[in-house]
């Protein structure tokens, strides 16, 4: 076994040392509360937070005051959806989202349905994971107050036609929220050009610290209002009370600045590594299937089903490679990935899926190593797989009578 | 989830992986599970005329615990009579491999595989000892 390779950058990313360096003074020397208005400690903290707001705003083409700090994208999703539904309840109660959204959006919607606060339409996606803007248009009613559609999917990396949906939302006078957790810092994002009214972000997916996120809330055209979820000191324009996580926010700002500056070269490098990984695996192995869109996907994402090899056992074999699987055995619910299911991927293939998430600290050498280890392990497990044997004997596994209990 | 050392050992060095020729009259085959459930085990037993399991082979599609359960079962059944092999309980597998609660179903599947293989052997034995009757039924 060789060195450990981290290739699970959709789950989280290691912090960039430059980010850590920017954060450090704010734990010790500059420890002030950004809400302390009457001494140097408070002013230093507030200044640092303002700088971060600008850095984040610049990355997504927003004004700095439109950035509301939260604990992460889950909180941002909750605040956006629950906050809008609560505030605009006299206007309507209908929300439109998609079946492949992150659980932070789906479960928030379900909670609102359960309590009778909203009616939710969950749009289907095509076999590559895309929502059809026309389906969004058809789903809009005079009760619709919010559309929530993610920018890039966390499992398959599919990038939704967000700008088209944004345009549609504007035409219909419906607010548009996008969970852009996976896309921020990886691909160009422009809340103006894309017609986004609310956007969820988090620092730890772009080489910043965990526990620090933001919600972009449009201030003009239209001015978006929210009912806060937390009561308290009225921080963040009254939308999110609580003392600001100054070191985290400083790191978040720095991470955005770095991602913006390096985006073009990084996206190109990521794409090259992804293409090499894709080719390397598909050239050496038969019966492998790409999940998601062939081109309209995050540059660092590759999701592949290795037929006849169960995902968790493959992960176990790749013990020095950190990746993740859509197999039921790796999920808390013992159900295979609902995202792959929504694409029409059968449970049999969903169980064999592996998500590779390339990141800033991966190299082409990592990719070559991972190809070699995956190919070796898939071959070993296929030699052990009754399904591979049966398929090679020409048995149709779909029509075979399995002895189910 | 951390795996026990024994699961890792069976996973990395599986015992008796492979297949016997299916047309060997002394070979019985049991296939249990289904691909969409994420587990399929194939267990083959070579059983002599006195009903003693001489040898065993397995192939498994499933998680590490499923592979380990079936690998362990091939060791467990060897040398046993079919009647003794039928007495093997999944709890024995759970204990040996220290399987956590979410992996109990792997041991159940391994127990089922033994029963399926022996069921196949009994069926085939019946067909062999009563060829005339089987033919007359057609």
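The values are calculated or read from the model by the stated rules, or taken from the named source; none is laboratory data. This structure is a prediction, so every number in the text was calculated from the model and none was measured. All Cβ positions, glycine included, derive from the backbone under ideal geometry; neighbour counts span all protein chains shown.
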Quiz prompt | Out of A:281, A:277, A:258, A:244, sole residue that is closer than 18 Å to residue A:48 by Cα and assigned to a helix (DSSP H, G or I) | solution = A:258
Practice problem: With respect to residue A:99, determine if the residue is in contact with a strand residue (DSSP E or B) (Cβ under 7 Å, 6 or more places away or on another chain), under 27 Å from residue A:128 (Cα atoms), at pLDDT 95 or above and surrounded by fewer than 24 Cβ atoms within 10 Å (Cβ to Cβ). | Solution: yes
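Here is a yes/no grid of residues against (1) free of Cβ contacts under 8 Å to residues at least 60 places away in the same chain; (2) crowded, with 18+ Cβ neighbours inside 10 Å:
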| position | (1), (2) |
| --- | --- |
| B:18 | yes, no |
| B:25 | no, no |
| B:29 | no, yes |
| B:33 | no, yes |
| B:44 | no, yes |
| B:53 | yes, yes |
Exercise. Give the range B:21-41 a look and list any residue that's away from chain A (no Cβ under 12 Å) and not in a strand (DSSP E or B), or say none.
Key: B:21, B:23, B:24, B:25, B:26
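Only one of A:213, A:260 is in contact (Cβ under 8 Å) with a residue 60 or more places away in the chain, within 27 Å of residue A:160 (Cα to Cα) and surrounded by fewer than 22 Cβ atoms within 10 Å (Cβ to Cβ). Can you tell me which?
Details: A:213 fails: surrounded by fewer than 22 Cβ atoms within 10 Å (Cβ to Cβ).
That would be A:260, the only listed residue that is in contact (Cβ under 8 Å) with a residue 60 or more places away in the chain, within 27 Å of residue A:160 (Cα to Cα) and surrounded by fewer than 22 Cβ atoms within 10 Å (Cβ to Cβ).
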Self-check item: Members of the range A:384-401 found to be more than 8 Å from chain B (Cβ to nearest Cβ) and in a loop (DSSP other than H, G, I, E, B), listed by number
Solution: A:393, A:394, A:395, A:396, A:398, A:399, A:400, A:401
Self-check item: From the options B:77, B:94, residue that is more than 14 Å from chain A (Cβ to nearest Cβ), free of Cβ contacts under 8 Å to residues at least 24 places away in the same chain and buried (at least 17 other Cβ atoms within 10 Å of the Cβ)
Solution: B:94
Quiz prompt | the range B:42-72, residues that are within 10 Å of another protein chain (Cβ to nearest Cβ) and assigned to a loop (DSSP other than H, G, I, E, B) | solution = B:62, B:63
Exercise. Find the residue count for the range A:307-337, including only residues that are within 25 Å of residue A:269 (Cα to Cα), at pLDDT 95 or above and within 11 Å of chain B (Cβ to nearest Cβ).
Key: 0
